[in-house]
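First comes the structure, then the notes that go with it.
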């Protein structure tokens, strides 16, 4: 099947009623004082929103800035979405999600329940290595303080995207701004430890990085959300340390073994297997070097 | 664990077939007299209004009447009523009757409600805990075709529970898994997950268990107390079976007690509130009982948990141990670190401290490990692991040859409290033993000996005692205290028939006798050694030592062959050598003996033999040096020069071959003493040609040839070349002793202390055996002098003198030593040091004058002006000619000065006049100001 056609089909399969929403967008309008109106948005003209309530015969015009929140009614085939996500078909999910959110983009400046979907997109972009897009979404979500959890998530992904893009300087500044460079003890939040460890690893301060990521694993073993990436990071850093002290290559392999046991068929497992190949190559290289040194 | 015993899912509805529901109302009491239609109608109405108790006899009556019917409608009516009767029994809590009725229902036809009946029946067996029956029924249900979602769900739920209760662990997981995946009820999901975990743990299905973990730990199931206790128990069992990986993964799932209790408390509170609310709304007694049981179960598990001794730290410690065991060092470290921080004085805290240090050593974080150890020792000098930690620190530093760090730890070792624990005592001796080696390797043999003595005298049972006796002997030997060393070596032999150092102790015994000048005993001992340990590594040295003894003997008529015997021993020394160093010693000692006998050709032959025997390991440069010397003595000067040039060219690019540097110096000497002017020019030309044709990659050789060229042109040129090398920042890797010697001297001449430090350190580290090493010590000494660090100045001189003694080129060391002592106010020592100079004929010259002047200065400082005057007089009377009268002039001036201080001004004037008349001093630059002064004094 043609890829784009397939994607369209998929979008249709996952997001029911998207086509029907194209002309007018079903939404609940929340005004200051939490007064709510059910209805649909008909159009937008600059700052003006044309909204048709279910009871009123005539649409009303409202200033966008006067709206407290819009709650769009977006119908998703959650099972399908989960299935794709479980199959790690992230690009397909992104395509589909982007497509269904497209009609809502012109209302992005108004607080809405789109934040949730945007946060999904942000996470997916991060998983697929599109750090620019990740940061773009994270930046917009991070300033929205209606949902503290979502805001925290945006900050986390914003920081991670900077680190994974190799921008240590800006990442360091961001961590400092959030105060995430302090209090990195055993009681610290796992995400804070993890991000700080990643940053140190980027700066090639591997021993310090290792100490932090070890804290994620040792003190947050009940948190599968952070354990998985932390285990992978741990294996990566052990490998780097193994370049100086080959015993650490054993450590890296042990972590990989545990990842494969605990998190089979995950992104982390896949990357851990790639890391294993690298370690084997590194071992061969070290062995060769040793042989050369001995022969000299 | 709480198991729920009611079905969840679709509510059952009482539906009677239309055919039997159309009858009128009848009184409950008149069932026997009622017509069948009325009876059915009554039962239906009772069921519809929930009056199950009254409906039961009505339904029973219908069944009674229709049970034996065979027509389809009659059978259908009987079956429908059986089904409803069973349901009614359930509603009134009479499960056994319900089950009995359902058995009839399932034994007859038609069975439109068979699936529901099976489910109900299985449910009925819950109260009697007849799990086999439940399993059978649920399997029957699941084997039916076209099951709907609810049936699949309920069938698996029943089956999973039934198997679980029968401890069919492995078989219970799949149906429970289906139930988890199907249910929309979080409570069911949680309970099933907990059962799954328990089943997997009990069935030791680790891989499957760990597959479930991430999923379960995303839910509140992780807070279940029973689950946590199960995991902890399983973790411990795995740990005790050395199954570390599984133990780790189980242990690390266990949540801390306070988290579990807090969650359970919250859960109980929510359940109680809900029960109260629902009770007001109206729920069945069975439902109420069930809820109460659930609450009670949680409370019971809370009590169990509360009464459990503290487990968190133990679990953390075990996890740490496992992490370290599986080489996940850093995870182990942070856990141990945390436990230690939490409570530094508890047993687990201290053990964690020890473990954390072990891990740090494993990962190579030795600085961090040491920092922790030292902090611990400071906080708890008598801590449980004070000795263990110190042994770790000492051992690591010994391995790294960081001996200074080892000996620094002496105060810590000394402050350890006494113990009578055997294990601690052994550790204590380990500490003394390692400390002893730290001192030994730092050349502090006295302190090393003290540590060995500590072991010998205070730890007689120690495994180190025997070796301590031997090594204490070594410390005495190294101090030249042969008579003290001797009994230790003898004692070691007497007490350790199979000791590791038995042969060595005998050899050292010989060395002791030799040192004590008991040559006869020494020879006998070396002979005994040679006869007893012909395969020992020291055999070559024993031959060499005996050779030295024979060589030192005076040949007599009775015994004219001493040198022959010496030579025979040296040859054996070469043959039996196990290292090139041993062979070299024997070979070059033999060469010295031949030299005494003027046997030049023999020297040449021996060196050839030595080089053939040891080939590339031989000290070819030194051998060539001896060959060259012999050739010169045989009048073969040109051959010697050619041989030297050849060696320089062949080995000169290897900086480590410092015999080449010796040859360069020898070549310069030959040039000065044996070559004519034209031959010297020829030699210079040859060196120049070699420099022109040199391969550009041979940078070390180039430098050596340049040094040779400069030295052949004279001291001034050599000095200038040294300064040039210094100025150019010549890389150290290109230098050899001859280049370094020139550069060190240049650094001293220019007062460049930075270079003095850099060069001397490199020189001493790389070429400690070089004959030219004294240049490095000289630079080091001048560096300390410039820094006014007199202690280090004297230490540096001591080292230099220890290596080179009173060789002609070593006068600088003695005069600086004396000057330094003078500066430090140690006048007696200074005077003695100056006086020493006068006793070394090789230093005769300006150094004598300087020393004499120094002795005078010492006396002035001590207030003994007469004696001082006498020394000054001797300077200008005895050493007039040195350095163009410079020293004599200084003597005159100092003499006059001291006379003034003695009040003898006239004599002082006469002394100065004598200076101006003395032909050695009257043209000295020092004379002019004296002349001017005297003019003023005499009023001219």
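The values are calculated or read from the model by the stated rules, or taken from the named source; none is laboratory data. Small disclaimer: the values here were computed from a predicted structure and weren't measured. Cβ atoms come from the backbone with ideal geometry, glycine included; neighbour counts cover every protein chain shown.
Using the structure shown, decide if residue B:247 is touching a helix residue (DSSP H, G or I) at 6+ places or on another chain (Cβ under 8 Å), within 28 Å of residue B:303 (Cβ to Cβ), within 14 Å of chain A (Cβ to nearest Cβ) and part of a helix (DSSP H, G or I).
Answer is yes for this residue.
Starting from residues that are over 51 Å from the mean Cα position of the chain (by Cα) and outside any helix (DSSP H, G or I), keep the ones in segment B:575-613 and report whichever is surrounded by the most Cβ atoms within 10 Å (Cβ to Cβ).
This residue is B:599.
Kindly check whether there is at least one residue in segment B:383-395 that is under 26 Å from residue A:242 (Cβ atoms), more than 14 Å from chain A (Cβ to nearest Cβ), in contact (Cβ under 8 Å) with a residue 40 or more places away in the chain and surrounded by fewer than 21 Cβ atoms within 10 Å (Cβ to Cβ).
no
Testing residue B:635 on (1) surrounded by 14 or more Cβ atoms within 10 Å (Cβ to Cβ); (2) free of Cβ contacts under 8 Å to residues at least 12 places away in the same chain; (3) part of a loop (DSSP other than H, G, I, E, B), one condition comes back false. Which one is that?
Of everything listed in (1) surrounded by 14 or more Cβ atoms within 10 Å (Cβ to Cβ); (2) free of Cβ contacts under 8 Å to residues at least 12 places away in the same chain; (3) part of a loop (DSSP other than H, G, I, E, B), residue B:635 misses just condition (1).
Which one of A:225, A:250 is within 25 Å of residue B:250 (Cβ to Cβ), within 10 Å of another protein chain (Cβ to nearest Cβ) and within 20 Å of the chain's Cα centre (by Cα)?
The unique qualifying residue is A:225.
Keeping to segment B:304-345, report how many residues are more than 10 Å from chain A (Cβ to nearest Cβ) and in a loop (DSSP other than H, G, I, E, B).
7
Among the residues of segment B:231-266, count how many are closer than 30 Å to residue B:205 by Cα, surrounded by fewer than 20 Cβ atoms within 10 Å (Cβ to Cβ) and free of Cβ contacts under 8 Å to residues at least 60 places away in the same chain. First the steps, then the outcome.
Our first condition is that a residue be closer than 30 Å to residue B:205 by Cα; within segment B:231-266, this holds for B:231-261, B:263-264.
Now restrict to residues that are surrounded by fewer than 20 Cβ atoms within 10 Å (Cβ to Cβ): B:233, B:236-237, B:240-245, B:256-259, B:261, B:263-264.
In the following step, the residues that additionally are free of Cβ contacts under 8 Å to residues at least 60 places away in the same chain were identified as B:233, B:237, B:240-243, B:256-259, B:261, B:263-264.
Within segment B:231-266, residues that are closer than 30 Å to residue B:205 by Cα, surrounded by fewer than 20 Cβ atoms within 10 Å (Cβ to Cβ) and free of Cβ contacts under 8 Å to residues at least 60 places away in the same chain number 13.
Of all residues in segment A:38-79, which are without any contact (Cβ under 8 Å) to a residue 40 or more places away in the chain and assigned to a helix (DSSP H, G or I)?
The answer is A:65, A:66, A:78, A:79.
Any chance segment B:442-452 includes a residue that's within 23 Å of the chain's Cα centre (by Cα), modelled with pLDDT under 95 and on the phi < 0 side of the Ramachandran plot?
yes
Pull up segment A:238-247, narrow it to residues that are crowded, with 17+ Cβ neighbours inside 10 Å and at the interface with another protein chain (Cβ under 10 Å from one of its Cβ atoms), then point me to the one that is nearest to residue B:207 (Cα to Cα).
The first filter runs over segment A:238-247 and keeps only residues crowded, with 17+ Cβ neighbours inside 10 Å, leaving A:238-242.
From the residues that got through so far, the ones that are at the interface with another protein chain (Cβ under 10 Å from one of its Cβ atoms) too are A:238, A:241.
Details: A:238: 24, A:241: 29 Å.
So the residue we want is A:238.
Just name the residue that is surrounded by the most Cβ atoms within 10 Å (Cβ to Cβ) out of those in segment B:87-105 that are in a helix (DSSP H, G or I) and out of contact with any helix residue (DSSP H, G or I) (no Cβ under 6 Å at 6 or more places or on another chain).
B:87
Could you figure out which of (1) farther than 24 Å from residue B:321 by Cα; (2) free of Cβ contacts under 8 Å to residues at least 40 places away in the same chain; (3) part of a helix (DSSP H, G or I) isn't true of residue B:194?
(2)
If I filter segment A:197-211 down to residues being within 23 Å of residue A:274 (Cβ to Cβ), assigned to a helix (DSSP H, G or I) and more than 8 Å from chain B (Cβ to nearest Cβ), which single residue comes out as farthest from the chain's Cα centre (by Cα)?
A:206
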